[in-house]
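Just dropping this structure here.
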Amino acid sequence: MAIIWPILASLFFAVRLVLMVALHLVPSGYHPIKHAFSDYAVGPTKRLAALASFSNTLAWCALAVAIASWPGEWSYRGAAVFQLVALAVLSVAVVFVPTDLEGEKRSIRGVIHYAVAIATFALAYSLTGDTARWSAGFAPDWLSGSLTALSWLALVGLIALCAGLVLPLLRPYFGGLERIFLFSITVFYLLLSIALTFFRT
């Protein structure tokens, strides 16, 4: 029955990806290049954004169990499972601490939101390199290579969005830079879950 967990992870990451796209298609008043993705959690799209977060939570949980029950050896398994569980908790927490919108006075809730977002981004990225290298031991070259490429793309996105926070020249494009990271991370873990489903040792 262990096979059910990577299947569920694949399903929930796919749902997360669909909901992320849907948030950009429904009327919201937000611009995908100018506004942060977390802005969708405030206003007319907040329910859809919450669904995207909860699907992410279920995906992280399923992936954590999938890796914990993986039949092969992996020295980083314990650390990976811990990080995935932490990501699941953070995905729930972010729903209850929505961001402050641009122009609003910074609130304690908004500060907590930024802390949760920073922790989420850091954990989600930090695991990509190790899991991409691990996947090379059981997944075909095209799949492990895709994971490595997505890990690098996520790094580029992470650096770019950090630059967008501090550099006035890039600040108007923060939303677009952030989405490079968010979409590459989601696709990364979707492909990882698929690899765990179809290429078990």
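The values are calculated or read from the model by the stated rules, or taken from the named source; none is laboratory data. As the structure is a prediction and not an experimental result, all values here were calculated from the model. Every residue, glycine among them, receives a Cβ derived from its backbone with ideal geometry; neighbour counts consider all protein chains shown. Side chains are part of the model used for accessible areas, which takes the heavy atoms of the whole protein and leaves out ligands, DNA and RNA. Shrake-Rupley method; radii C 1.70, N 1.55, O 1.52, S 1.80 Å.
What do you get for Rg/Rh over region 17-67 if you use C-alpha atoms and the Kirkwood form of Rh?
Working: Rg = 12.5 Å, Rh = 11.7 Å.
That ratio is 1.07, to two decimals.
Once phi is turned into θ = phi - 60°, what whole-Hz ³J(HN,Hα) does the Karplus curve with 6.51, -1.76 and 1.60 give for every residue of region 24-36, x standing for Gly and Pro?
8, 9, 7, x, 9, x, 9, 10, x, 8, 8, 9, 5
While we're here: Helix 4-23 sits at what angle to the longest principal axis of the chain, using alpha carbons and giving 0 to 90 degrees rounded to 10?
That helix lies at roughly 20 degrees to the long axis.
In addition: Taking the chain as the reference, fit the longest principal axis to its C-alpha atoms, fit the long axis of helix 46-68 to the helix C-alpha atoms, and give the angle between the two in degrees, 0 to 90, nearest 10.
The helix 46-68 is inclined about 20 degrees to the chain.
Arranged from highest to lowest average of other beta-carbon atoms within 10 Å per residue, in what order do the peptides 162-173, 39-50, 133-144 appear? List each step's numbers first, then the result.
Working: 162-173: 13.1, 39-50: 17.8, 133-144: 15.9.
Ranked from most to least packed, the peptides come out as 39-50, 133-144, 162-173.
Using only Cα atoms, what is the ratio of the radius of gyration of the chain to 2.2 N^0.38 Å? Could you put the intermediate results ahead of the total?
Details: Rg = 16.8 Å, N = 201, 2.2 N^0.38 = 16.5 Å.
That ratio works out to 1.02.
Hey, what angle do you get for helix 108-135 against the long axis of the chain, alpha-carbon based, 0 to 90 degrees rounded to 10?
Taking the Cα atoms of the chain, the angle to 108-135 is about 30 degrees.
Another question, if that's okay. Report, as a whole number in µm² per second, the diffusion coefficient that Stokes-Einstein gives for region 72-148 at 25 °C and 0.890 mPa s using the Kirkwood radius over alpha carbon pairs. Walk me through the numbers before you get to the answer.
Details: Rh = 14.4 Å.
For these conditions, the coefficient is 170 µm²/s.
Moving on. Which residue, chosen from A9, S69, A139, occupies the Cα position most advanced towards the positive end of the dipole of region 3-199, where the dipole is computed from +1 (Lys, Arg) and -1 (Asp, Glu) charges on Cβ about the Cα centre?
With unit charges placed on the Cβ atoms, the residue in question is A9.
Would you calculate a helix-derived [θ] at 222 nm for the chain, using -39,500 (n - 2.57) for each DSSP H run of n ≥ 4 and dividing by the full residue count, to the nearest 500?
Numbers: 6 runs with 142 residues, N = 201.
Rounded to the nearest 500, it is -25000 deg cm²/dmol.
Same structure again: Considering only protein heavy atoms and a probe of 1.4 Å, how much of the accessible area of the chain is carbon and sulfur, as a whole percent? Walk me through the numbers before you get to the answer.
Values: 7330 of 9870 Å².
C and S atoms contribute 74 percent here.
Is there a quick way to get the dipole size of region 3-199? I mean about its Cα centre, with the Cβ of Lys and Arg at +1 and of Asp and Glu at -1; what is the value in debye to the nearest 20? Please report the intermediate quantities before stating the final value.
Details: 11 positive and 8 negative charges, 74 e Å.
Value, rounded to 20: 360 debye.
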